[in-house]
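In what follows, a single structure is set out as structure tokens and then discussed.
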Amino acid sequence: LYRAADDHDLAVAFHASAGAPFARDFPIQDAAFNRFLAAHILAHPWAHMLTLTSLLVNGTFAKFPDLNFAFLEAGYAWVPYMMFRFNKEYAMRRSEAPLLERTPEEHVRESCYFSSQPVGEPNDPEHLASVIETLGPERLMLATDFPHWDFDHPDALDEHVRRYFSEAERERVLGGTAAEAFGLSV
């Protein structure tokens, strides 16, 4: 699949789920949740964390350095944690991911894009700006998930980006990053 996407200049997008099959089958620990709220909070980022870990450990980014990977509908606040945690673990166990040519963080920053939805809602908006800055506006793309019940209005992200970032960074987040990730000419 990755070879075919690479050969045809296509990006690979991952989308997680919090539906009944996820809560029952993947991973099995989720069967302990007795409320949808718990599964919905964790299902999307957890599935993406598993996927990103697999891609890194198995050297997918090294095998396909020109391939773009997009992670959809898990937000982005989980990404800095994963990059930094993976850097630490990789530094201690390089032999378990022998195909990595650089730090996990460098591979993520070079090959991965992350959608905004759901936009986090910290009590202090500066904390969200800090997460965006850590990830990098060039890795973040606007997503709304409309018309689902839990969609984000485009203004939800734009409010934060407009307040803390330059107009050029704002334009990247609101459209330019997605165009780059998916090879679109707009």
Which pairs turn up if I take residues in segment 169-186 that are more than 11 Å from Leu140 (Cα to Cα) and look for partners that are aliphatic (A, V, I, L, M) and in a helix (DSSP H, G or I) with beta carbon separation below 8 Å, at least 6 apart in sequence or on another chain? Leu184/Ala178; Ser185/Ala179; Val186/Ala179
Can you tell me which residue within segment 58-74, out of those that are of a type in the set (A, V, I, L, M, F, W, C) and part of a loop (DSSP other than H, G, I, E, B), is modelled with the lowest pLDDT? Ala74
Conditions (1) under 16 Å from Tyr76 (Cβ atoms); (2) surrounded by 13 or more Cβ atoms within 10 Å (Cβ to Cβ) -> Arg162 fails only (1)
Given (1) open to solvent by 70 Å² or more (accessible area, probe 1.4 Å); (2) touching a Leu at 6+ places or on another chain (Cβ under 7 Å), where does Phe61 come up short, assuming only one miss? (1)
Enumeration of residues in segment 103-142 that are touching a Phe, Trp or Tyr at 6+ places or on another chain (Cβ under 9 Å), assigned to a loop (DSSP other than H, G, I, E, B) and within 30 Å of Pro65 (Cβ to Cβ): Thr103, Ser116, Gln117
Could you please find all residues in segment 165-180 being within 15 Å of Ala11 (Cβ to Cβ) and either open to solvent by less than 40 Å² (accessible area, probe 1.4 Å) or among the aliphatic types (A, V, I, L, M) (or both)? Gly176, Thr177, Ala178, Ala179
Residue count for segment 1-15, restricted to those that are small (Gly, Ala, Ser) and farther than 20 Å from Leu140 by Cα: 2
Of the residues that make up segment 102-124, is at least one farther than 30 Å from Val57 by Cβ, open to solvent by 40 Å² or more (accessible area, probe 1.4 Å) and over 19 Å from the mean Cα position of the chain (by Cα)? yes
Give just the number: which of (1) open to solvent by 30 Å² or more (accessible area, probe 1.4 Å); (2) in a helix (DSSP H, G or I); (3) of a type in the set (Gly, Ala, Ser) does Gly183 not satisfy? (2)
Sort through Ser111, Ser116 and tell me the only one that's touching an Asp or Glu at 6+ places or on another chain (Cβ under 8 Å), of a type outside the set (A, V, I, L, M) and within 19 Å of Ala13 (Cα to Cα). Ser116
Output for Cβ contacts, cut-off 7 Å, separation at least six or different chains, first residue outside any helix (DSSP H, G or I) and open to solvent by 60 Å² or more (accessible area, probe 1.4 Å) in segment 75-89, second among the small types (Gly, Ala, Ser) and at pLDDT below 95, reads Ala77/Gly120
Would you check which residues across segment 12-57 are polar (S, T, N, Q) and either under 15 Å from Val79 (Cα atoms) or at pLDDT below 65 (or both) and list them? Gln29, Thr51, Thr53, Ser54
Being open to solvent by 20 Å² or more (accessible area, probe 1.4 Å) and either assigned to a loop (DSSP other than H, G, I, E, B) or modelled with pLDDT of 95 or more (or both) is the requirement here; does Ala4 meet it? yes
Single residue of Ser111, Ser130, Ser185 found to be at pLDDT 95 or above and either of a type in the set (Gly, Ala, Ser) or within 17 Å of Ala74 (Cβ to Cβ) (or both): Ser111
All positions within segment 143-158 that are surrounded by fewer than 17 Cβ atoms within 10 Å (Cβ to Cβ) and part of a helix (DSSP H, G or I): Pro154, Asp155, Asp158
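The values are calculated or read from the model by the stated rules, or taken from the named source; none is laboratory data. What you are looking at is a predicted structure, and each value in this text was computed from that prediction instead of being measured. Counting neighbours? That spans all protein chains shown, and the Cβs are built from the backbone with ideal geometry, glycine included. Just the protein is used for accessible areas: all its heavy atoms, side chains included, with ligands, DNA and RNA removed. Shrake-Rupley method; radii C 1.70, N 1.55, O 1.52, S 1.80 Å.
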